[in-house]
Every structure is written in C-alpha cells, then in structure tokens.
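Note sheet for the following structure.
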Amino acid sequence: MSLKGKTAVITGSNSGIGLGVAHELARAGADVVINSFTDRDEDHALAEAIGKEHGVTARYIQADMSKPDQCRALIEQAGRCDILVNNAGIQHVAPIDEFPVEKWDAIIAINLSSAFHTTAVALPMMRAAGWGRIVNIASAHGLTASPYKSAYIAAKHGVVGLSKTTALETARENITCNAICPGYVLTPLVEAQIPDTAKKYGMTEEEAKQKVILERQPSKEFATVEQIGGTAVFLCSDAAAQITGTTISVDGGWTAL
Ligand code: NAD
C-alpha cells in the first residue's frame, strides 16, 4: 500500500497514538503534518525525525485544538489534507457532581469539537482532490461507558456519531470516514492514571496495570501505537474503500464482553 503523494494531518501527534499513527502513515509513503499546542524545538525535531526515517516531507504545525479558529487554521496552513486523523485528546476522572466545569468544556472541545472544525475545512480540500480519508480516534469508551469519565465518554460517543454523519455526507465522493476504537494503549495519557489507581487500590503500579486498568481488556495486553497506526493505514487503503461510517475496535476483546 503506497500513500505516496498524499498529505496526512494528524492532530495531537507529538506523543502517544498520534505520533505512532504519523510514523505508520509516513512509513506507507504519506507526507505528514504533526501537531500539538506547544511550539518547542523537540516538537519540530519529531517532524524532522519522521521525515528522515521514512523519506517523506514532515512538518510540525502548532495549533491548540481547544480553540475552533486554531483547529481550522491547522488545516488551512497544511495547505492540503488528503488524510485527516483526529486524534488530540485529554482525560479527566471525577464523579459527575464533582466534575470541574472547565474540564468538561476542555474535553468536549479537544476530544470532540476539534474534529468537527478540522473536518469542515478538510472536506472541500478532499472534494477538490477527488479522494479523502478521515480517521477519527475514538475509544472503546466511544462504545461503552465507565463511571467517572463522563466528559470523555460523552465526547467519544460524539466522535462515533460525527464519524457516521460525515460518512453519509461524503458517501458518493470517494471519501470515507471511520472511527478507530482502541482499548487501553500504554501512552502518557494512560501512564498518568497508573499512580493514582495504584494508590486508590493499595497496589503496586504493575498490579494496578494488570488487575485494574486491563481488567476490561480480555487479552490482558495493551494495544500498541503501531497497531493503531497500522489500522489507520488499512483504512486509507483501496481494500477499505467501501468501509465508511463504522467503528473498528482494537481492544483485545473489550467490546465482545
Ligand atoms: P497522549 O497524551 O500521549 O497524546 C495526546 C496528544 O494530544 C498529545 O500529542 C498532546 O500534545 C495532544 N493534545 C492535548 N491537548 C491538545 C490541544 N489542546 N491541542 C493540540 N493537541 C493537544 O495520549 P494518547 O493515549 O496517545 O491519546 C491519543 C488519543 O487516543 C486520544 O484522543 C485518546 O482519547 C485516544 N485513546 C487513547 C487510549 C489509550 O489507552 N491510550 C485508548 C483509547 C483512545
């Protein structure tokens, strides 16, 4: 599968799944734009490393996905967007009655609304090119719920709904839109939850990973960023041209339970 000549924009991609997806799309030949809200030397160095490793053009563009105008400016600055991966996301865990309003607003903005804004600007570019692929990184929590993650779960269910609607609006245009629903992947987002989980249950961090975090993942293994990236590459392939408006779980069996 060659994605040579395509440009992929991956939001929230200076770490974790986004960075992994950027590497796999670049390995398949796509030029990539990586992004986060920071503008550090190491962010630009990540893009340079991807470009060197895979022999593609790789750029870093700073844009804060909590801000609608910056979401839109990211795609405009990219100049071309054949593949859009909406990946930026944050988490906060608290019961609904104690959930900080600003955390709710930030999670809905970054995890859900940003995908609406980037899609709105990317679609005319895809239509002009006569081809497009939108891959939204939802979650097993886009299909199931857990307590204390109200904003995240509402946002991820929203991403699944947005993916279906986008697919219907583009169904006859050689553009597809799908949501990947990962189970737990060991990235900074999940690593940040381990110390608190261990403390809460009086366990070591290793026990917390196996017994609490992976409790719902029947494989008892974390999915990897390469596996999520490989799934994104598949969704960009000709074999996936008729796959649109659906979800693909990469969750070790979580949603089969
Ligand atoms: P991560 O913390 O490693 O990565 C999150 C990325 O989003 C980072 O690059 C960060 O810089 C970026 N980001 C955060 N706020 C941003 C903002 N305001 N503007 C631009 N970028 C911003 O976490 P991850 O685990 O790689 O998560 C990536 C996506 O995958 C998220 O949408 C997350 O919900 C989803 N996901 C993760 C898991 C998991 O187990 N790790 C499971 C299911 C879904």
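Each value in this text was obtained by applying a stated rule to the coordinates, not by laboratory testing. As the structure is a prediction and not an experimental result, all values here were calculated from the model. A quick note on method: Cβ atoms are made from the backbone with ideal geometry, for glycine too, and the neighbour counts reach across all protein chains shown.
Quick notes on this structure:
- Within the chain, helix-based [θ] at 222 nm, where runs of 4 or more DSSP H residues each add -39,500 (n - 2.57), nearest 500: -12500 deg cm²/dmol
- Of all lysines in the structure, the ones whose alpha carbon falls short of 21 Å from that of Lys211, not counting any fewer than 8 places away in one chain, are Lys149, Lys199, Lys200, Lys220.
- Longest segment of the chain lacking trypsin sites (Lys or Arg not before Pro) that sit in a DSSP loop with at most 11 other Cβ atoms within 10 Å: 5-171
- Rounded to 0.05, the FRET efficiency of the Glu42 and Thr165 pair, given R0 = 30 Å and the Cβ-Cβ distance, is 0.25.
- When each of the peptides 225-233, 61-69 is scored by how many other beta carbons lie within 10 Å of its residues on average, the order from highest to lowest is 225-233, 61-69.
- For the chain, a simple Cβ point-charge model (Lys and Arg +1, Asp and Glu -1, everything else neutral) yields a dipole of about 620 debye relative to the Cα centre.
- Bridge orientation summary for the chain: considering DSSP beta bridges with both residues in this region, about 0 percent are antiparallel.
- Calculated FRET efficiency for the pair Arg127/Asp238, C-beta based, R₀ 25 Å, to 0.05: 0.85
- Rounded to whole Hz, the Karplus (6.51, -1.76, 1.60) HN-Hα couplings of the range 108-118, x for glycine and proline: 5, 5, 6, 7, 10, 5, 4, 5, 5, 5, 5
- Across all directions, the shadow cast by the convex hull of the chain built on its C-alpha atoms averages 13.4 square nanometres.
- Entries in Lys156/Lys209; Lys4/Lys52; Lys67/Lys103 that, when Cα-Cα distance is taken, lie over 20 Å: Lys156/Lys209
- Charged neighbours of Cys177, selected by a Cβ distance under 12 Å, balance to 0 (K, R count +1; D, E count -1).
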